[in-house]
Amino acid sequence: MDDDRGPGLSSRAVTITLINLLGYGMPLEQAVDAPRFQGSQAGVPMVIESRVTQAVRDELKTRYGVNVRPTAPYNWHFGSIQAIQRNPDGSLTGVADPRRAGLAAGY
């Protein structure tokens, strides 16, 4: 695929990253790197990055009846985040999403 199509589902990627960071207390790098998914609807499998373990995928199927289709370990169609966080001591932490070429820079 052509990488000039844009960052994919960036609003969903931002939301998932913020939930990971603020809701689950993950460090910024882990919050950005965490596996992503694309929601499902009746009759359509949930597309999920293959880094999600088979045990979790099986649980989605057996417990919730969700059909899962794994995709690439890092799927750029699920959005791309370049993030900078100001730490309590005033320093900055920058993270570039491995799903797409980019960098995070600040001053």
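The values are calculated or read from the model by the stated rules, or taken from the named source; none is laboratory data. None of these values were measured; they are calculated from a predicted model. Glycine gets a Cβ as well: all are built from the backbone with ideal geometry, and neighbour counts include every protein chain shown. Areas reflect the complete protein model, heavy atoms only, side chains present, ligands, DNA and RNA absent. Shrake-Rupley method; radii C 1.70, N 1.55, O 1.52, S 1.80 Å.
Looking only at segment 69-97, residues that are in contact with a helix residue (DSSP H, G or I) (Cβ under 8 Å, 6 or more places away or on another chain), more than 10 Å from Glu29 (Cα to Cα) and part of a loop (DSSP other than H, G, I, E, B) come to 3 in all.
Sub-9 Å Cβ pairs linking a first residue in segment 32-45 that is free of Cβ contacts under 8 Å to residues at least 40 places away in the same chain and closer than 17 Å to Gly65 by Cβ to a second residue that is open to solvent by less than 60 Å² (accessible area, probe 1.4 Å) and assigned to a loop (DSSP other than H, G, I, E, B), at least 6 apart or interchain, are Ser40/Val66; Pro45/Val66, ordered by first then second residue.
Counting only residues that are open to solvent by 80 Å² or more (accessible area, probe 1.4 Å) and of a type outside the set (Phe, Trp, Tyr), which one in segment 55-66 is nearest to Gln38 (Cα to Cα)?
So the residue we want is Lys61.
Checking each residue in segment 72-92 for being more than 12 Å from the chain's Cα centre (by Cα) and crowded, with 18+ Cβ neighbours inside 10 Å picks out only Ala83. The lone criterion from (1) touching a helix residue (DSSP H, G or I) at 6+ places or on another chain (Cβ under 7 Å); (2) touching a residue at least 40 places away in the same chain (Cβ under 8 Å); (3) part of a helix (DSSP H, G or I) left unmet by Ser11 is number (1). The set of residues from segment 26-68 being of a type in the set (A, V, I, L, M, F, W, C) and part of a helix (DSSP H, G or I) comprises Leu28, Ala31, Val32, Ala55, Val56, Leu60.
From the list Glu29, Glu49, the one residue that fits, being crowded, with 18+ Cβ neighbours inside 10 Å and modelled with pLDDT of 95 or more, is Glu49. With the condition kept exactly as written, say whether any residue in segment 35-45 is farther than 25 Å from Ser10 by Cβ and at pLDDT below 90. There is at least one residue in segment 35-45 that is farther than 25 Å from Ser10 by Cβ and at pLDDT below 90.
Against the conditions (1) at pLDDT below 90; (2) over 19 Å from Ser11 (Cβ atoms), Thr93 satisfies every one except (1). Screening Asn87 on (1) at pLDDT below 90; (2) within 27 Å of Ala105 (Cα to Cα); (3) of a type outside the set (A, V, I, L, M) shows it passes everything except condition (1).
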